Amino acid sequence: MINLGETEYENIFHSVTIVPRLSYSANLLSEIMDFLSETLNDLKKSNCNFVLFFDETDKNHLNAMELERILTFCLDVLLEIKKRISAISDIHSIPEELPSSISMIRTISAQLFSVVPKYSQRLSELSVHLGSIVLDSASLTKARFDFSISNHESSMFLDEVKLMVDSKLSKQYPNVDFFKLCNT
């Protein structure tokens, strides 16, 4: 019988539990993305008339465009997070790939709160799971990370995605003045 010290046992226990939690997180992320993608596709179908006619005084038109922007933004961010999770090859890559993803998830969860509260809550659950995975992997690998750097990376990425989404929607709906909508 192998006699393991408390530290070795704890390290083995945590590393064994990371894989199922990471798998669960990936599945949860896919479920959320599937729902948001389906919702966005339905919304795009109903918004297709805005290509020809958009009434910026109609609150329903404004709300529909804002919802499409939010859903597009959230899906683009979640796609990047999915790529990061898929890029994890071993326990050492977790502290490199995931820390900034957690604040990104929290940001989009907040944006979805009033739109689809159930999926906002699911995103909060996802951020908790990923956060625990990051902390466990960091303790096992003795990795260190700076939350201010992670938050800065997250903020920069979110700003980049926002610009791309605004550009994409401007091309999709040439009659909509997105600059004006953003400042209303």
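The values are calculated or read from the model by the stated rules, or taken from the named source; none is laboratory data. Bear in mind the structure is a predicted one, so any value in this text is a computation, not a measurement. Using ideal geometry, Cβ is built from the backbone for each residue, glycine included, and neighbour counts are taken over all protein chains shown. The accessibility values were calculated without ligands, DNA or RNA, using every heavy atom of the protein model including side chains. Shrake-Rupley method; radii C 1.70, N 1.55, O 1.52, S 1.80 Å.
Across region 106-179, Cα-Cα pairs farther apart than 15 Å form 71% of the total.
Put a dot 7 Å past the Cα of K171, heading toward its Cβ, do the same for S93, and the two dots end up 3.0 nm apart.
Note that region 15-80 presents 52 Å² accessible area per residue, ligands and nucleic acids not counted, probe 1.4 Å. Remark: spin-label model distance K45-R144 equals 5.4 nm, labels positioned 7 Å along the Cα→Cβ axis.
The residues of region 116-174 have, on average, 58 Å² of accessible surface per residue, using a 1.4 Å probe with all protein chains present. From the P(r) of the chain, can you give the percent of Cα pairs sitting at distances over 26 Å? Cα-Cα pairs of the chain separated by over 26 Å account for 40 percent. For region 47-67, backbone nitrogen atoms closer than 16 Å to the point 7 Å from S114 Cα along Cα-to-C-beta are found at 59-67. Just the protein heavy atoms count here, and of the accessible area of the chain at 1.4 Å, carbon and sulfur take up 57 percent.
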